[in-house]
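What follows is a single structure, written as structure tokens, with notes after it.
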Amino acid sequence: AQSVSQHNHHVILSEAASLELGCNYSYGGTVNLFWYVQYPGQHLQLLLKYFSGDPLVKGIKGFEAEFIKSKFSFNLRKPSVQWSDTAEYFCAVNARGGSQGNLIFGKGTKLSVKP
Amino acid sequence: NAGVTQTPKFRILKIGQSMTLQCTQDMNHNYMYWYRQDPGMGLKLIYYSVGAGITDKGEVPNGYNVSRSTTEDFPLRLELAAPSQTSVYFCASSRSGTDNQPQHFGDGTRLSIL
């Protein structure tokens, strides 16, 4: 069965600090990978996604993620965080070739950015 | 651009009561999903639907029922509310179930069972 692990439950950074949130998945086949963000009181929004091609994916708001197949990882990065990046971040995966489209989510990482 | 609309936003129920969480989307998406989000647990899939008239169980379906009579609507029903069903419920939709279709989420329904 697929599973997704997010290593950090809560990350606290000061503005302008660099961010890296870890995500590892377990699945032997080919996967599609997603990062979603949930701002306080809002619904989940897609940050970025990886299906194929360049393993370094750029998303909205200056976020990027790198797919490292050998490590089963899809870590999220941002060079310089802002207070407005305070949110909860979810990594998700679905198996390539699946017909249901349902995502397996990690437990989420809460990011707090201090002004 | 309504997207995915959920009602109500908040609800408090007594144990044993029933209610229906409404979800509608205006994007003509075939696939719709119901998730529950518990603190520190991420999102768990309750039920999903690949089109009108077709539904299937997800990871945590017990205590819930769904129907999909139209493409737009995918209501979630709780027949006998239990404290374990206190959670935030999210409805989502996607154009298809193929791999590269991201899901669009509603704003959620915060449900408390007392």
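The values are calculated or read from the model by the stated rules, or taken from the named source; none is laboratory data. On a predicted model such as this, the values are computed, not experimentally measured, just so you know. FYI the Cβ positions are ideal-geometry reconstructions off the backbone, even for glycines, and counts take in every protein chain you see. To get the accessible areas, we keep the full protein, side chains included, count just its heavy atoms, and leave off ligands, DNA and RNA. Shrake-Rupley method; radii C 1.70, N 1.55, O 1.52, S 1.80 Å.
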### Phi to ³J(HN,Hα) by Karplus 6.51 cos²θ - 1.76 cosθ + 1.60 over the stretch A:21-31, Hz, x for Gly, Pro
10, x, 8, 10, 10, 10, 5, x, x, 7, 10
#### Entry: Accessible surface of chain B [probe 1.4 Å, protein heavy atoms]: carbon and sulfur percent
50 percent
### Message
Let me confirm one metric for peptide B:38-45, namely the mean number of other chain beta-carbon atoms within 10 Å of its residues' beta-carbons.
### Response
5
### Query
How would you classify chain B from its alpha-carbon gyration tensor, with a ≥ b ≥ c the square roots of the eigenvalues: rounded for a/c under 1.5, else prolate if a/b is greater than b/c, otherwise oblate?
prolate
### Task
Would you mind computing, in nm to one decimal, how far apart the modelled labels at B:Ile54 and B:Asp26 are, each placed 7 Å from Cα along Cα→Cβ?
2.7 nm
### Query
In sequence order, what are the phi-derived ³J(HN,Hα) couplings for the stretch B:76-86 according to the Karplus relation 6.51 cos²θ - 1.76 cosθ + 1.60 with θ = phi - 60°, rounded to whole Hz, with x for glycine and proline?
10, 10, 10, 7, 10, 4, 10, x, 5, 8, 5
#### Entry: Residues in the stretch A:33-53 reached by a label modelled at B:Arg110 [backbone nitrogen below 18 Å; 7 Å Cα→Cβ]
A:38-45
## Note on the structure
Using alpha carbon centers only, the stretch A:1-75 is separated from the stretch B:30-57 by a whole-angstrom value of 21 Å
### Query
Within the P(r) computed for the protein assembly as shown, what percentage of the Cα pairs occupies the region above 29 Å?
27 percent
### Task
Report the accessible area of B:Asp56, computed with a 1.4 Å probe over the heavy atoms of all protein chains in place, in Å² rounded to the nearest 10.
80 Å²
### Query
For the protein assembly as shown, what is the accessible area per residue in Å², given a 1.4 Å probe and the full set of protein chains?
47 Å²
### Query
Just counting partner chain Cβ atoms within 10 Å, what average do the residues of peptide A:3-13 show around their Cβ?
0
### Query
Stretch B:Ser18-B:Thr70 to full length: gain in nm at 0.36 nm per residue minus the Cα-Cα span?
16.5 nm
### Task
Quick one: what are the phi-derived ³J(HN,Hα) couplings along the stretch A:46-60, Karplus 6.51/-1.76/1.60 with θ = phi - 60°, whole Hz, x for glycine and proline?
6, 8, 6, 8, 10, 10, 6, x, 4, x, 9, 10, 9, x, 7
### Query
Counting Lys and Arg as +1 and Asp and Glu as -1, what is the net charge of the other residues whose Cβ lies under 9 Å from the Cβ of A:Leu56?
-2
### Query
With every protein chain present, what accessible area does A:Ile12 have (1.4 Å probe, heavy atoms only), rounded to the nearest 10 Å²?
100 Å²
### Task
Return the single residue from A:Val11, A:Val37, A:Val93 with maximal mean-square fluctuation; model: Gaussian network over chain A, springs between Cα atoms under 10 Å.
A:Val11
### Query
What is the sum of charges around B:Ser18, taking Lys and Arg as +1, Asp and Glu as -1, for the other residues whose C-beta is under 14 Å from the C-beta of B:Ser18?
+2
### Summary
Proximal lysine pairs in the protein assembly as shown, meaning Cα under 12 Å and 8 or more positions apart or interchain, come to 5
### Summary
Whole-number value, in Å³ per residue, for the convex hull of the alpha carbons of chain A is 99 Å³
